[in-house]
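J.: Pasting in a structure now, in structure tokens, and then I'll have a few things to ask.
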Amino acid sequence: MNRTPIAVEPWLNEAARAHDKGALEQAVTLYEKVLSLDPGHFTALNLLGVLKGQLDQPEEGETILRRALAVNPDDGDANANMGLMLGKLGRHAQALDHFTKAIEKYPERPGYMLNLAFHLVDFDKPDDAIDVANFLINTYPAVDRAHHAKANALILQSRYSEALEQYQIVLQRHDRDQSLWSNLGATYRMLKDFPQALRCHERALSLDPANIDARWERALTLLSSGDFEAGWKDYVSSKKERGLPSRPRLGKTWDGKADLRNKSIFVYREQGLGDVLQFCRFLHHLSKTGARVFFAPHGPLKWLMGTMGAGFEICDFADAELETDFHIPLLSLPAIFQSQPLPAQVPYLFPSQENVLNWEKRIGAEGFRIGICWQGSTGKADLGRSFPVRHFEGLSQIPGVRLISLHKGDGEGQLRSLPTHMNIETLGGDFDSGADGFFDAAAVMKSLDLVITSDTAMAHLAGALATPVWVALKSAPDWRWMTDRADNPWYPTMRLFRQSRAGDWAEVFEQMEIALREWLRRSSTRVILGE
């Protein structure tokens, strides 16, 4: 058992008071004073570890909590705290071990189980999270936050109406919790009730006007509803500049107002490959300001971005020699140039013509050639977007149709277990095997009649190349696909097929099969359906 030396108690008590009052930096100093007097003091180590997590320093928090667990490895609080810290670090399997250990030690403490339920959501285990939440709801009804955990899990399962009910239950007791109002608004957005979603976001922001998460959710709602002017304003104000090297040579952030004539500006990538493929078109607007524009995309996209033509220079993100007057993240440009017509002219990216000829020869002209892709990168961003390749079975049986895989990476192994009557052609190990991302994919797309894909970067690439492309969308898709429309203002050659019921891909592909058969029936000249 830990015995607190008398000389340490005043410092520990003062640290705890500062911690409770929210004077976190002061509390850190005081806990460190305790540890200078007693390096193995379990309580100080445990609480300082928690405090580091509150200060968004999870790596330090983990290190300190490991010291606490070295002193008392079976302590329930320390194990639960370590579970939360490892969850912040994305090490969910290890976090689960610590939560389980805490519950085994003190099964009568429902707070540990509540932490487990929230963590299971973060670990993408919604079924298990719902089981734990239901146990808490039935056994410890006073732990009303279990409804919150259950709602979060239901969202992962696209059960939005049920999630709505759970959020409303917990809001009855916590109606000043802005995060709950923000979650409720996000759920209404997924149900396409944009007015109600905006009312929830306004409530969240009235409780905490500085909360960027609430402003971010409002931005997504506004953009989904087609209110680009207000949506982009919230979008820019709610996102942090992440990953920008802190080098004074890059100048200051451009606000869209400062005169750029005879100035230089550094534009850097944001988010995923699809975002860069969609929004790089705004660089043309920027080049018309008279500035010298440097653009740093993801490394694999440098060659493809270089096909956009004159007006800007492609550079390395970490070029230590680069010196500019201003800098700006790519996805801040739409907010600045939104008063101008939506830049929907395509194509604005171009494959290597030599490579197109190469792939045309390899693929051949026989049949109706459809490039397919069914899965994006794993993780929360892809949640609900991907579908099994077997859903292409109906299309594969249409006479004359050839399905050609454009897929690489996660999900590619599904091709090894296709039904014997289902044929999908592959393009060989040299397909996009080089350092330049989409070098071959862009050329292959120009050699095909149609691309059918899930919501991945492949959809944006096809749209930017002006290739006919059909995109299969989940019932509550990303904001850029908007709602209840089959076309998309960003990509004129794109057609959208949407789930009418969450998780029902069969209906989506039935509609595609009907549309494709009609196209082939009336299209001896292979025009784009929907022209």
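J.: In this structure, is Ala464 outside the structural domain of Pro300 (by TED's automatic domain parsing), at pLDDT 95 or above, buried (at least 23 other Cβ atoms within 10 Å of the Cβ) and within 22 Å of Leu415 (Cβ to Cβ)?
T.: no
J.: One residue is enough: does segment 37-54 have a residue meeting the conditions without any contact (Cβ under 8 Å) to a residue 12 or more places away in the chain, under 29 Å from Ala133 (Cβ atoms) and surrounded by fewer than 17 Cβ atoms within 10 Å (Cβ to Cβ)?
T.: Looking through segment 37-54, none of the residues is without any contact (Cβ under 8 Å) to a residue 12 or more places away in the chain, under 29 Å from Ala133 (Cβ atoms) and surrounded by fewer than 17 Cβ atoms within 10 Å (Cβ to Cβ).
Table: residues versus (1) touching a residue at least 24 places away in the same chain (Cβ under 8 Å); (2) farther than 28 Å from Leu156 by Cβ; (3) not charged (D, E, K, R).
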| site | (1), (2), (3) |
| --- | --- |
| Thr453 | yes, no, yes |
| Thr456 | yes, no, yes |
| Ala466 | yes, yes, yes |
| Trp470 | yes, no, yes |
| Ala476 | yes, no, yes |
| Arg480 | yes, no, no |
| Arg485 | no, no, no |
| Arg498 | yes, no, no |
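J.: Sticking with this one: Within segment 347-389, can you find the residues that are of a type in the set (A, V, I, L, M) and either crowded, with 18+ Cβ neighbours inside 10 Å or modelled with pLDDT of 95 or more (or both)?
T.: Hits for segment 347-389 are Leu349, Val356, Leu357, Ile363, Ile370, Ile372, Val389.
J.: Considering only segment 403-432, state which residues are within 23 Å of the chain's Cα centre (by Cα) and either surrounded by 14 or more Cβ atoms within 10 Å (Cβ to Cβ) or under 25 Å from Leu516 (Cα atoms) (or both).
T.: Leu406, His407, Lys408, Asp410, Gly411, Glu412, listed by residue number.
J.: Restricting the search to segment 429-444, which residues are under 14 Å from Arg362 (Cβ atoms) and touching a residue at least 24 places away in the same chain (Cβ under 8 Å)?
T.: Scanning segment 429-444 gives Asp432, Asp440, Ala441, Ala443, Val444.
J.: A further question on this structure: Pick out the one residue from Arg281, Arg203, Arg269 that is surrounded by fewer than 22 Cβ atoms within 10 Å (Cβ to Cβ), under 22 Å from Asp316 (Cβ atoms) and of a type in the set (Lys, Arg). It would help to see each step written out before you state the result.
T.: Details: Arg203 fails: under 22 Å from Asp316 (Cβ atoms); Arg269 fails: surrounded by fewer than 22 Cβ atoms within 10 Å (Cβ to Cβ).
None of the others qualify; the one that does is Arg281.
J.: Among the numbered criteria (1) within 13 Å of Ala149 (Cβ to Cβ); (2) modelled with pLDDT of 90 or more; (3) charged (D, E, K, R), which one does Lys125 miss?
T.: Among (1) within 13 Å of Ala149 (Cβ to Cβ); (2) modelled with pLDDT of 90 or more; (3) charged (D, E, K, R), Lys125 violates only (2).
J.: May I ask you to list the residues in segment 1-30 that are hydroxyl-bearing (Ser, Thr, Tyr) and either in contact with a Cys (Cβ under 8 Å, 6 or more places away or on another chain) or modelled with pLDDT of 90 or more (or both)?
T.: Passing the criteria: only Thr29.
J.: Considering only segment 78-117, state which residues are on the phi < 0 side of the Ramachandran plot, part of a loop (DSSP other than H, G, I, E, B) and of a type outside the set (Phe, Trp, Tyr). Write out each step before concluding.
T.: Pass one, segment 78-117, residues on the phi < 0 side of the Ramachandran plot: 78-89, 91-117.
From what's left, part of a loop (DSSP other than H, G, I, E, B): 89, 91, 106-109.
Those that are on the phi < 0 side of the Ramachandran plot, part of a loop (DSSP other than H, G, I, E, B) and of a type outside the set (Phe, Trp, Tyr): Leu89, Arg91, Pro107, Glu108, Arg109.
J.: Would you mind stating whether Phe387 is outside any helix (DSSP H, G or I), of a type in the set (Phe, Trp, Tyr) and under 30 Å from Ile155 (Cβ atoms)?
T.: yes
J.: Condition first: modelled with pLDDT of 90 or more and of a type outside the set (Val, Ile, Thr). Now tell me which residues in segment 301-322 satisfy that.
T.: Scanning segment 301-322 gives Leu301, Lys302, Trp303, Leu304, Met305, Gly306, Met308, Glu313, Cys315.
J.: Taking the conditions exactly as written (surrounded by 19 or more Cβ atoms within 10 Å (Cβ to Cβ) and within 28 Å of the chain's Cα centre (by Cα)), does Ala435 satisfy them or not?
T.: It is false that Ala435 is surrounded by 19 or more Cβ atoms within 10 Å (Cβ to Cβ) and within 28 Å of the chain's Cα centre (by Cα).
Yes/no per residue for (1) modelled with pLDDT under 95; (2) under 24 Å from the mean Cα position of the chain (by Cα); (3) among the polar types (S, T, N, Q):
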| position | (1), (2), (3) |
| --- | --- |
| Ala93 | yes, yes, no |
| Leu114 | yes, no, no |
| Asp131 | yes, no, no |
| Asn138 | yes, no, yes |
| Arg176 | yes, no, no |
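J.: Also, I was wondering about something else. For the structure I just gave you, tell me whether Gln178 is without any contact (Cβ under 8 Å) to a residue 60 or more places away in the chain, in the same structural domain as Ile212 (by TED's automatic domain parsing) and within 24 Å of Trp216 (Cα to Cα).
T.: yes
J.: While we're here: Would segment 178-195 turn up any residue that is touching a Gly at 6+ places or on another chain (Cβ under 6 Å) and among the hydroxyl-bearing types (Ser, Thr, Tyr)? First the steps, then the outcome.
T.: Restricting attention to segment 178-195, the residues satisfying the condition of being touching a Gly at 6+ places or on another chain (Cβ under 6 Å) are none.
Within segment 178-195 (the criterion being touching a Gly at 6+ places or on another chain (Cβ under 6 Å) and among the hydroxyl-bearing types (Ser, Thr, Tyr)), the answer is no, since none of the residues qualifies.
The values are calculated or read from the model by the stated rules, or taken from the named source; none is laboratory data. It should be emphasised that the depicted structure is a prediction, and the values quoted were computed from it without experimental measurement. Positions of Cβ are generated from backbone atoms using ideal geometry, with glycine treated the same way; all protein chains shown enter the neighbour counts.
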